[in-house]
Amino acid sequence: MTTDSLSEFIRNHYDVFEWRHALTIIENDFPDEWKDLCEVLENFRLKKSWIKEAGGRKSKISEAIDSQFESRGWIEKGFATKVVVDGSERDNPTHKIDCYKNRIALEVEWNNKDEFYDRDLNNFRILFELSAISVGVIITRSDELQSVFTELGKRHVSSTTHWTKLIPRIEGGGAGGCPVVAFGIRRVLYQE
């Protein structure tokens, strides 16, 4: 894995894991999306008030990240897919992608059950195999943020989405042949 193309800020503020040359593909084949990704990561700060707020359908953290991509033309996108075998059609439903632009699929997983990683990676696999996406991106939380949650009186649930739940799933082939890059939000991005 090479993260040399990432800014020093991103390398120092995020855990980064690259699978199947995902960074190289985004940077060289999708320069506009590369610029968007780098700008959003560099501008993001994790606010205490967002962590303290009770959960709902979508956390303030996910909303903040999604809105930054949306302002750059990324959209939430569902794909209508089906499999045809000997003329017999079957729907092959996929989950909506949080943020999509020009063949780059991006998911934000902040505080979901860790099975959501399986869903996201399988979605990347299917869409990659159908030539609908070229790269999958996941933004999640680093394990070191648990100390922040503890300080704020938040309970740690080992089955929620965080870095050490994601990486083995990628390495184990959860995304199939789809190139994937993951970014883990580190404690240095936390603001009181």
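Taken together, the residues in the stretch 112-170 that are at pLDDT 85 or above and under 26 Å from GLU192 (Cα atoms) amount to 10.
Applying the criterion of being surrounded by fewer than 19 Cβ atoms within 10 Å (Cβ to Cβ) and in contact with a strand residue (DSSP E or B) (Cβ under 8 Å, 6 or more places away or on another chain) to the residues of the stretch 91-110, the residue that is modelled with the highest pLDDT is ARG103. For LYS101, the conditions (1) charged (D, E, K, R); (2) touching a residue at least 60 places away in the same chain (Cβ under 8 Å); (3) in contact with a His (Cβ under 6 Å, 6 or more places away or on another chain) all hold with the exception of (3). Residue-level analysis places ARG57 outside the set of residues that are modelled with pLDDT of 95 or more and basic (Lys, Arg). Filtered by the rule that a residue be under 16 Å from GLY172 (Cβ atoms) and aliphatic (A, V, I, L, M), the stretch 100-137 gives a lone residue, LEU121. In the stretch 110-127, is there at least one residue being closer than 19 Å to THR24 by Cα and touching a residue at least 24 places away in the same chain (Cβ under 8 Å)? Checked against the condition, which is being closer than 19 Å to THR24 by Cα and touching a residue at least 24 places away in the same chain (Cβ under 8 Å), the stretch 110-127 yields at least one hit.
The values are calculated or read from the model by the stated rules, or taken from the named source; none is laboratory data. Only a predicted model underlies this, so the values are computations on that prediction, with no experimental measurement involved. FYI the Cβ positions are ideal-geometry reconstructions off the backbone, even for glycines, and counts take in every protein chain you see.
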